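Participant: Have a look at this one.
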Amino acid sequence: MSSISISPIQSERLFPNAKPTERVVPLSLLDVTTANFACTCPIWLLERSDKVGDEFDLVEHFRRSLRITLDDYPHWAGQLKSISTLNAAELTEKEIHLPLHARRFGRVYSHYGTAEDPGVEFVTATTNATLETLCPASRTTEHPLWDCKQVPLSGLVPSSRLANSLKPNFANETGMLPPVMAIQLTMLACGGFALAIKILHPLADIQSVTHFVEDWTKIGRWILSGSGLPKPDLTPLFDPTRLDSVAAGDISGQQPDPAILEQIKSLPLHRYDWWATPALCPWTQEIPEPFRNQKHTPIGPLMPWADWDFDAPVSHYLVHLNSSQVESIYQSTIRWSPDTSKGSRISRHDAVLAHVWSCITRARQLGKDPSLVHCNLAYGTRPVLGLGEDFIGSPTLMLNIEMTGMELASSAVAEDARRLSAARCIRNTINRISNKDAIAAHLHSVAYEKTPQRIWQAFLGHRHLIVTTWARTGLYGIDFGLHTYPGIRYAEGVLPTLDGDVLIKDAPPLKDQTGLPSQKAWTAHGVDISLHLRTEDMERLLRDPRFLP
């Protein structure tokens, strides 16, 4: 296969059509904990547009509709800043007026509607690759184990350097500050195209990005209709205070409530302390300057750096479980489960995750290990907090689901029994955090951390997985009005290539008899799982006959 080349054509900054009023909005207590996370970064691969011809300019269509959409997302064209001092006298005029809990060190806020707004980076590019090169139409049927290193999609992601919300940002040679969001539209050699979005995590999780793209498509379809109808109403809810208002107790006092802090000890959340061993981190990691000369007592366990071999090569595979395999895994998991009450009922997501976790643990050769292994699962709080699907931000936390290696992968226990045990553990752990009081207590503790980024709720390496789930986020329900359904060949999420990074998501839909995408359960077309594992473990996993049932 010939090498793939991607050639940028133009990079520009786009702004809302209407200049927004200047605003300073502190992000939520959960948003700020993600300031050091990798960007939220989905990619959509789309078929050739039905609207081809000299009279239709695809790039201009996306450019125009994006600017109109940004009228309702003006903070994504603005700046992210943070509190960088312990001295109240050093706060800026804008910062002084923030709520007390938002004026503490490391708290992040959005500032937009000024002449210094960096805008959204909009990149257009071309490539010699085709859709068949990047993702064959037969992938789900003929290539259920797809080696992503053969055809990496990372080149479709804008290379633009995004802003750092925790450090000073400096203007480039044209006087522009780095953006908080970048978008790349890449024209493929077959006439199809790729759309990639990269945004700082505190501003948007995948739910927020998908909601934005759905709004973008509404504007795009409105323009294609001739704009004779009224412009669609877009209703994103950017109101971080709504989440913070759920926090238990007083979050703007002088000291935390000891009784509330006692509550969080029983929650299934890691509390690894970044500050305890910063020198062992493989990336440059320093204690923030205002705290550097202080004596620090660890406020949580030390990070288990010894469990992570940073020098070991890591492989990246896309695994497809078809709908029959998903149903087989689910039915065999629940077959011996007598508890069908609503709160304890095992879901298909629980069963698939239990299966993947068990197989990876076996591939890591931990089946005889009596020590704990961990599945760190990203958990969205919108439903339990009643925030609504249009709530824009990153209201997530990481759950610590833990079992011993023997419990997960011992050959002495039947496969179905082990999977059921793991699925129950997953469901029970989710249930422990799925109530407003538990999350309210956690928010109270975050409000009083010396900096919200000090505590790390997850880890990677030999005994850990970090599992992000994009199930039910509507990745394939997006319609730009440019195709006969389905227009989207494939949707991918870009994760760091690190041992233990896992992404679970819907698989691309097939046409039903009417030619429209089937509106069924999220597993109706199977499940795609993006796996990053140490290469020698990945090789054992791919040889495991139980992995693809």
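Just so it is clear, none of the values below were taken in a lab; they were calculated from the coordinates. Quick caveat: nothing in here was measured; it's all calculated off a predicted structure. As a convention, Cβ positions derive from the backbone with ideal geometry for all residues, glycine included, and neighbour counts pool all protein chains shown.
Participant: Within region 8-229, count lysine pairs with alpha carbon atoms under 20 angstrom apart where the residues are 8 or more positions apart or belong to different chains.
Facilitator: Going through region 8-229 pair by pair, I get 7.
Participant: If you don't mind, another one. If you take the charge dipole of the chain about its Cα centre, with +1 on Lys and Arg Cβ and -1 on Asp and Glu Cβ, which of ASN169, MET181, HIS349 is farthest toward its positive end?
Facilitator: Result: HIS349.
Participant: Seen from all sides and averaged, what is the projected area of the convex hull of the Cα atoms in region 8-229, in nm²?
Facilitator: One quarter of the hull surface, i.e. the mean projection, equals 15.0 nm².
Participant: Only four residue types carry charge here, +1 at the Cβ of Lys and Arg and -1 at the Cβ of Asp and Glu. Report the dipole size of the chain about the Cα centre in Debye, rounded to the nearest 20.
Facilitator: 880 debye
Participant: Let a ≥ b ≥ c be the square roots of the eigenvalues of the Cα gyration tensor of region 377-518; is it rounded (a/c under 1.5), or, if not, prolate (a/b larger than b/c) or oblate?
Facilitator: oblate
Participant: Could you grab the relative contact order for the chain? Cα pairs under 8 Å, six or more apart, rounded to a whole percent.
Facilitator: Averaging sequence separation for qualifying contacts and normalising by length gives 21 percent for the chain.
Participant: What number, in percent, do you get for the relative contact order of region 8-229 if the mean sequence gap of Cα pairs under 8 Å and at least 6 apart is divided by its residue count?
Facilitator: The value is 33 percent.
Participant: Measuring from label point to label point, each 7 Å out along Cα→Cβ, what is the LYS19 to ALA279 span in nm?
Facilitator: 5.3 nm
Participant: To continue, here is another question. Under a crude label model (7 Å from the Cα following the beta-carbon direction), how far is ASP309 from GLU289 in nanometres?
Facilitator: Going by the 7 Å Cα→Cβ label model, 4.0 nm.
Participant: Shifting gears a bit: Farthest toward the dipole's positive end in the chain, which of GLY487, ILE504, GLY192, given Cβ charges of +1 (Lys, Arg) and -1 (Asp, Glu) about the Cα centre?
Facilitator: Comparing the listed Cα positions along the dipole, ILE504 ranks first.
Participant: Convert 25 °C to kelvin, take the viscosity as 0.890 mPa s, use the Kirkwood radius over C-alpha pairs of region 293-401 as Rh, and evaluate the Stokes-Einstein diffusion coefficient in µm²/s, rounded to a whole number.
Facilitator: Here the translational diffusion coefficient equals 136 µm²/s.
Participant: What lysines could a cross-link reach from LYS436, if we take a straight Cα to Cα line under 17 Å and drop same-chain neighbours fewer than 8 places away?
Facilitator: Reachable lysines: LYS265.
Participant: Put +1 on the Cβ of every Lys and Arg and -1 on every Asp and Glu Cβ in the chain; which of GLY249, VAL151, THR33 then has its Cα farthest towards the positive end of the dipole?
Facilitator: Checking the options against the dipole of the chain, the answer is GLY249.
Participant: Sticking with this structure for a sec: Please report the net charge: other residues with Cβ closer than 15 Å to the Cβ of SER371, K and R +1, D and E -1.
Facilitator: Net local charge, SER371 excluded: -1.
Participant: I've got another one for you. Which of the three applies to region 166-207, rounded, prolate or oblate, going by the alpha-carbon gyration tensor with a ≥ b ≥ c and a/c under 1.5 meaning rounded?
Facilitator: Note, shape of region 166-207 comes out oblate.
Participant: Here is a further query. Based on the mean of other Cβ atoms within 10 Å per residue, sort peptides 307-313, 265-271 so the most packed one is first.
Facilitator: Final packing ranking: 265-271, 307-313.
Participant: Pull out a ≥ b ≥ c, the square roots of the eigenvalues of the alpha-carbon gyration tensor of the chain, then state rounded if a/c is under 1.5, prolate if not and a/b is larger than b/c, and oblate in the remaining case.
Facilitator: Oblate is the answer for the chain, as a/c is 1.5 or above yet b/c matches or exceeds a/b.
Participant: Rounded to the nearest 500, what is the chain's calculated 222 nm mean residue ellipticity when only DSSP H runs of at least 4 contribute -39500 (n - 2.57) each, over all residues?
Facilitator: -7000 deg cm²/dmol
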